[in-house]
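The structure appears right after this line, and notes come after that.
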Amino acid sequence: MLRTRLAANGQLVTLVPVASILVASIRLHFLDVLLHLGHRGPNVIPCDAPFRKGEEMGWFELGSTIIVFAPDGLELCEGVREGTVIRLGQPLLRLG
């Protein structure tokens, strides 16, 4: 689980990367750990990872999804709805 603070209003948005069964690993730029089935490290890895607008966090090897939890006052951008594929740099949320 990743938490990032919105610069516009200081609210926290929580991102939860979820690997599906056939995902080989998750690569996150801010961690020097390869997260795959052989990882026997801690279940919680503390980190402080600031991101700029549109910056890549990392990737899933073979794909998966990220669940976004946003506080009240944020709305989905036009064209974003359940099942929409989000591309790097594409707007996702806006202040209501």
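Pick from Leu74, Leu92, Leu88: which is hydrophobic (A, V, I, L, M, F, W, C) and exposed (fewer than 13 other Cβ atoms within 10 Å of the Cβ)?
Leu88
For the range 28-37, how many residues are modelled with pLDDT of 75 or more and touching a Ser or Thr at 6+ places or on another chain (Cβ under 6 Å)?
Count: 0.
Return a yes/no flag: does the range 79-91 have any residue that is assigned to a strand (DSSP E or B) and small (Gly, Ala, Ser).
no
Among the residues that make up the range 38-46, is at least one of them modelled with pLDDT of 80 or more, surrounded by 13 or more Cβ atoms within 10 Å (Cβ to Cβ) and not aromatic (Phe, Trp, Tyr)?
no
Does Ser25 satisfy being modelled with pLDDT of 70 or more and either in contact with a His (Cβ under 9 Å, 6 or more places away or on another chain) or of a type in the set (S, T, N, Q) (or both)?
Details: modelled with pLDDT of 70 or more: yes; either in contact with a His (Cβ under 9 Å, 6 or more places away or on another chain) or of a type in the set (S, T, N, Q) (or both): yes.
Yes, satisfied.
The values are calculated or read from the model by the stated rules, or taken from the named source; none is laboratory data. Everything numeric in this text was worked out from a predicted model, so none of it was measured. So basically every Cβ, Gly included, is an ideal-geometry build from the backbone, and we count neighbours across all protein chains shown.
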